[in-house]
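A.B. asks: Pasting a structure below so you can have a look.
Just so you know, all these numbers are worked out from the coordinates, no wet-lab data involved. These numbers come from a predicted model, not from an experiment. A quick note on method: Cβ atoms are made from the backbone with ideal geometry, for glycine too, and the neighbour counts reach across all protein chains shown.
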Amino acid sequence: MRDKTIWEADAGTFMRVVVRPNSNEEDLIREMAEDLIVFDLKSSPQKGKANRELVKRLSSLLEISNSDVVIAAGHLSREKTLVIYGMRPSQVRERLETCINDK
C-alpha cells in the first residue's frame, strides 16, 4: 500500500501535512498516521509566519537546510504539500517516528 502522506516523485520527496497555527503545544508533531500528519505551530498564520515556522522546525527536525524544505502547495491553507530535497520517504518517516518516540 502506498503511503498517503509521504511519497517520492521526480522532484523529490513529497509530504502532505495539516498545520494548526496558534497552538500552545511544545511538540511539533501532534499526530502521525498513514493518511495524516498534523503539526502544531506557535506562530499565527498572518504574513506567512506559520509557514516560516513550519519550514524552520521541520528542517531542524530532519537535520537538513531550511532551503531543502519547500511548501509546494497550500501556502494559504492549513493543508499543505511540502517537497523535501535530499531525503528518501523512508528517511523522512523514520526521523518523524523517532521524534514521536522520544517524547
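A.B. asks: Filter region 51-86 down to the residues that are in a helix (DSSP H, G or I) and in contact with a helix residue (DSSP H, G or I) (Cβ under 7 Å, 6 or more places away or on another chain) and list them by number. Quick ask: steps written out before the conclusion?
C.D. replies: Our first condition is that a residue be in a helix (DSSP H, G or I); within region 51-86, this holds for 51-62, 66-68.
Val55, Lys56, Ser59, Leu61, Leu62, Asn66, Asp68 - these are the residues of region 51-86 that are in a helix (DSSP H, G or I) and in contact with a helix residue (DSSP H, G or I) (Cβ under 7 Å, 6 or more places away or on another chain).
A.B. asks: Just to be sure I understand, how many residues within region 1-36 are in contact with a strand residue (DSSP E or B) (Cβ under 7 Å, 6 or more places away or on another chain), in a strand (DSSP E or B) and closer than 18 Å to Tyr85 by Cβ?
C.D. replies: So the answer is 8.
A.B. asks: With the checklist (1) in contact with a Ser or Thr (Cβ under 8 Å, 6 or more places away or on another chain); (2) of a type in the set (D, E, K, R); (3) part of a helix (DSSP H, G or I); (4) surrounded by fewer than 18 Cβ atoms within 10 Å (Cβ to Cβ) in hand, flag the one item Lys42 doesn't pass.
C.D. replies: (3)
A.B. asks: Look through region 50-75, keep the residues that are free of Cβ contacts under 8 Å to residues at least 24 places away in the same chain and surrounded by fewer than 16 Cβ atoms within 10 Å (Cβ to Cβ), and return whichever of them is nearest to Thr5 (Cα to Cα).
C.D. replies: This residue is Ala73.
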